Structures are given as C-alpha cells and as structure tokens.
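Participant: Okay, handing you the structure first.
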Amino acid sequence: VENHWMMLMMIPDLIKKKRDGGELSADEIKTFIEAVTTKKIQDCQTGAMLMAIWQKGMVTTETKALTREMMSSGEVMSWPKEWAGQVVDKHSTGGVGDKVSLVLTPALAACGCKVPMISGRGLAHTGGTLDKLESIPGFNIHQSKEQIREILDSVGCCIAGQTEMLVPADRVLYGLRDATSTVDSLPLITASIMSKKGAESLSALVLDVKFGQAALYKDLKSAKELAQSMVDAGIGLGMCTCAVLSQMDGVIGRCVGNSLEVIESLETLKGEGREDLMELVTTLGGVLLKNTGLASDLSEGRKKISDVVTNGKALSKFQAMMEAQGVAKDIARALCSPETDYYGILGKSGKQEELKAPKEGWVLGVDGMVVAEVLHKLGAGRSKVGEDIKHRVGAELLVLLGQKVKKGDTWLRLHYEDPAPSPDQIQQLKDALALGADEPQHKYTLVKELLPPM
C-alpha cells in the first residue's frame, strides 16, 4: 500500500520534470511504466506524460530505458538452448502492397532460422500482415506462447497476433497515443515497436524503414533518424539490429489488398515474383543470414534466400505453416500447387473495373498513397481498431515502371464490392499514373541504404 501511495505521489512530479525538459532516470521510467501496467495512474496523467515526451523528446538512454521497461511489462518469450543464434524477425514501418513478410518468413525458415513473427493489423493506409493471412480460409492468427514454440519446432516459422500477455504497457499507451495526438513521436514509436520485438527474445532483427510519398516519413533524413533510434534500442536490448532504408513511392509488387496480396505472395513463392518485391525479400533476408552467421556476407545471404524462393523450399514451409495454423490440408496443398484456382479458394470481389492508359508513353510511376487511400475507402482497410474489412477488395497493377504503354492499354484492374468507387475516386486513380514521353534512363531500385553499412 505504501509503495502504491509513493507511486501516486511521484507521477505528477515525473510529468512536470519531463514537461520542463528534464531527463528521466531509468528508475523514474520504471515507475511510470509500472503505474501504466497496473492501472494505478489516471488516463489524463498518462496522456500528459505522452504529450510531455512528444513535446520535449527523449535522449537515447531514456528511449532505451522506456523500451526495456515496456518489454518487461509482460511475458518475455524464451526458447530452447539449441535455438541460440537462430531466432530472427523483421519489422516494416508500413508500405503499400507490402507483402514481404509472407515471402520472407518461410524463406528464412527454409534457410534454418526460427521466425516467431508477432505481427499487426492494418490501420490507416497500410495493410496488416494478419489481415492478409486471414483471407485464407481457416488461418488462425491467435496462437499461445506454447503453440508458437511448437510451430517453430515443427515448421520453423509462425505469424501470429500479439497475445494479451505480451507488452501490456504498449496496449494502453498505443490507445492513448491515438486519442492524444502523440502517435508521431520518435521515442514513443521506437519503444512501441522495439519492446514487442524485444519480447520475442530475438538473436537478430532487421528493420525495413520506408520513406517516400506513400510512407509515414516522406524524406530519407527523418526515416534515418527513426532507423537509428530503433537500431540503438534493439542493440540496447541485446539484439543484433540492422535497418534497411527503402523507397516507398509506388506499390510493392503488383497487387494491393488482402487476398490479392496473398495470391501474389504465393506466385512469388512459386518463382514468379516481381523484381522490386524480390529485392526487398533478398536484402532483408540476406542481412539476417549474415548477422546470424548462416551466410558469410550479404551477397551470399541474398543468394541463399533467392535460391529457396525459386527452388520451392520456401513454398513448402509456407504450406506447412498454413497447416500448423489451422488451414485444412487440401486447401493448403491446393494453394501451393502449380495450377491453382486462387479465386475458387479465396473468393473474388463481385465487380472489377479496368483503367486504360489515356495516351502513349513510358510509365514513370504510380502514386501508391492514392491507390491505398482509395482502396481504404472502398473497405480494404480500417479507420478504427476492431473494424471489419473486405478481404477481396484491392487493385492489380498491370504495368511495370519503365514500361512503354499504348493509348487504351489496361494499366490497373480494380476489385470492389459495396460501395462502388465514386467518379471522383476513379479520377484520383487515373491521375495516379505518371506517363512520360521519353524512356527513363535509370534502373528502379528500392533499397537506398543500410544502417549500419554492410
């Protein structure tokens, strides 16, 4: 009881200290997070502290302490000793058509890693990996700590949602950050992401930090700041942590929307992946293989990932993961067979509309943010946590960057249900295509920088 009162007395002082630009000690941060987790603090006080952190920022030692205390607020996973050095994961800051996890996770398992990917749902314009997987009939993202360990033992990879016991402090803070307009704070973003990854007890983590017109951060400089902050926090938790800075202006691969992205991921695992998607998969995977000693350098790591994607080993892992997570054997086998009737299994939206190129020219780009926002309004995404989404709504991009198109060529196929797109939304999509008179001279690559460099 005495401890409880001490805590309550201290909270206003801690808020004042941060509000006035002071640096919180590790013990003071521990007191705050304990109060949040045990609900001994009022929401208005938590909100005030979040705003003080948003206003004044945090130095690296504070952010590390915040991340560590949030991680320790709940269960931290533990793995068998013989898995030492093999447990890895990746996190992306969110892109359009970002299906990298669906291809990379089984590829890493095929290379001998254990991947306990605790993933999220889509919010705002970015799609969530869990929503994509739930468009597969029977796929169960709710797995206990024990079930995750069993699946890792038998398959090598598992993609599941956050359990009640994992980082409970983040669940409280995340809800309040939205309500208090403190979502876009570097220390708060860092601690939220890295505490969850820390609770997975990883040997190595790779971060895909995106920048560009369809990303949270529009320029490389601010994305790099976030990347450095997360790398520092990860190293502070004892994980070998690296970041890949990648450009996010258009669409990754050719599909956006939950079930369409599952189809594209399966096609990629059958060796038919687009170059931009494979660049991300092999780079992120290559970094992890190098950092766990499973490859001697980045190029060997890239090649190993590329090999298991093209030779079918990663596809077998994806099939085994689907079966281990509740998908019926015949459905899993059908989805992974060479001649798959994808729509027969995953369903197809009731209506399609094709957009035609207005003139001849070279494809210079497609505005990914516009595509994502229109699809979001058509039901592919959610505006509030817990909202239902329409898994079959999406778009297929039928052209490549740098490709020549003729007037009247179909460049986008829109899949929709109810509501139908308004004339204004169709116009926005049409305007998202940039065509030029001259052939682009440079090759399009997404990966711009590695942190630390390799």
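The values are calculated or read from the model by the stated rules, or taken from the named source; none is laboratory data. These numbers were taken from a predicted model, which means no experiment stands behind them. No Cβ is skipped: glycine too gets one built from the backbone with ideal geometry, and neighbour counts run over all protein chains shown. Note: accessible area is taken over every heavy atom of the protein model, side chains too, but ligands, DNA and RNA are not part of it. Shrake-Rupley method; radii C 1.70, N 1.55, O 1.52, S 1.80 Å.
Participant: Roughly how many nanometres apart are two label points built 7 Å out from the Cα toward the Cβ at residue 178 and residue 441?
Facilitator: 4.8
Participant: Considering only protein heavy atoms and a probe of 1.4 Å, how much of the accessible area of the chain is carbon and sulfur, as a whole percent?
Facilitator: 52
Participant: Report, in whole Å, the centroid distance computed from the Cα atoms of the range 367-402 and the range 182-237.
Facilitator: Cα centroid to Cα centroid, the span is 24 Å.
Participant: What is the spin-label model distance, in nm, from residue 431 to residue 84 if the labels are put 7 Å beyond Cα along the C-beta direction?
Facilitator: That separation, rounded to one decimal, is 6.0 nm.
Participant: Another one. Loop only per DSSP, at most 11 neighbouring Cβ atoms within 10 Å: give me the GluC sites (Glu not before Pro) in the range 87-195, ordered by residue number.
Facilitator: Answer in residue order: 164.
Participant: Let me ask something else. Based on alpha-carbon centroids, what's the gap between the range 430-454 and the range 1-60 in Å, whole number please?
Facilitator: 44
Participant: Using 1/(1 + (r/R0)^6) with R0 = 56 angstrom and r between the beta carbons of residue 400 and residue 39, what's the FRET efficiency to the nearest 0.05?
Facilitator: Efficiency for this residue pair is about 0.60.
Participant: Only Lys, Arg, Asp and Glu count, each charged at its Cβ (+1, +1, -1, -1), so figure out the dipole size of the range 81-338 about its Cα centre, rounded to 20 debye.
Facilitator: Here the size comes out at about 240 debye.
Participant: Spin-label point model (7 Å from Cα, Cβ direction): what's the residue 218 to residue 154 distance in nm?
Facilitator: Label at residue 218, label at residue 154, 5.0 nm between them.
Participant: Using the Cβ atoms and a cut-off under 9 Å, what net charge is assigned to the surroundings of residue 289, where Lys and Arg are +1 and Asp and Glu are -1?
Facilitator: Result for the local shell: +2.
Participant: Rounded to the nearest 0.05, what FRET efficiency do residue 59 and residue 417 have when you use their Cβ-Cβ distance and R0 = 41 Å?
Facilitator: The computed FRET efficiency comes out at 0.25.
Participant: Hey, another quick one. Could you tally the net charge around residue 232, taking each other residue with its Cβ under 14 Å from the Cβ of residue 232, Lys/Arg +1 and Asp/Glu -1?
Facilitator: Local charge sum for residue 232: +2.
Participant: A further question follows. Do the sum for the chain: with -39,500 (n - 2.57) for every DSSP H run of n ≥ 4, divided by all residues, what is the mean residue ellipticity at 222 nm, to the nearest 500 deg cm²/dmol?
Facilitator: -14000 deg cm²/dmol
Participant: Could you calculate the contour length gain from residue 313 to residue 450, that is, 0.36 nm times the residue separation minus the distance between their Cα atoms, to one decimal place in nm?
Facilitator: My answer for the length gained is 46.6 nm.
Participant: Still on this model: Which whole-number percent gives the relative contact order of the chain, counting Cα pairs below 8 Å spaced six or more residues apart?
Facilitator: Contact order relative to length: 18 percent.
Participant: Tell me, what is the FRET efficiency for residue 410 and residue 5 to the nearest 0.05, using R0 = 51 angstrom and their Cβ-Cβ distance as r?
Facilitator: Working from the Cβ atoms, E equals 0.15.
Participant: May I ask you to give the solvent-accessible area per residue for the chain, in square angstrom, as obtained with a 1.4 angstrom probe?
Facilitator: Spelled out: the 1.4 Å probe surface of the chain, per residue, equals 42 Å².
Participant: Residues with amide H under 5 Å of residue 208's amide H, sequence separation 5 or more or different chain, H placed in the peptide plane at 1.01 Å from N; which?
Facilitator: 91, 92, 93, 244
Participant: Can you give the extra length, in nm with one decimal, that the chain gains between residue 343 and residue 76 once fully stretched, where that is 0.36 nm per residue apart less the Cα-Cα distance?
Facilitator: Contour length minus the Cα-Cα distance gives 92.2 nm.
Participant: Could you pull out the trypsin sites (Lys or Arg not before Pro) across the range 1-99 that fall in loop regions by DSSP (anything but H, G, I, E, B) with no more than 11 other Cβ atoms inside 10 Å?
Facilitator: Passing both the DSSP loop test and the Cβ count: 39.
Participant: Considering Cα pairs under 8 angstrom that are at least six residues apart, work out the relative contact order of the range 348-436 and quote it in whole percent.
Facilitator: This gives 49 percent for the range 348-436.
Participant: May I pose another question? If the only charges are +1 at each Lys and Arg Cβ and -1 at each Asp and Glu Cβ, what is the size of the charge dipole of the chain around the Cα centre, to the nearest 20 debye?
Facilitator: With Lys and Arg at +1 and Asp and Glu at -1, about 200 debye.
Participant: May I pose another question? Counting other C-beta atoms within 10 Å, and keeping those with at most 16, which DSSP coil trypsin sites (Lys or Arg not before Pro) do you find in the range 422-454?
Facilitator: The qualifying sites are 443.
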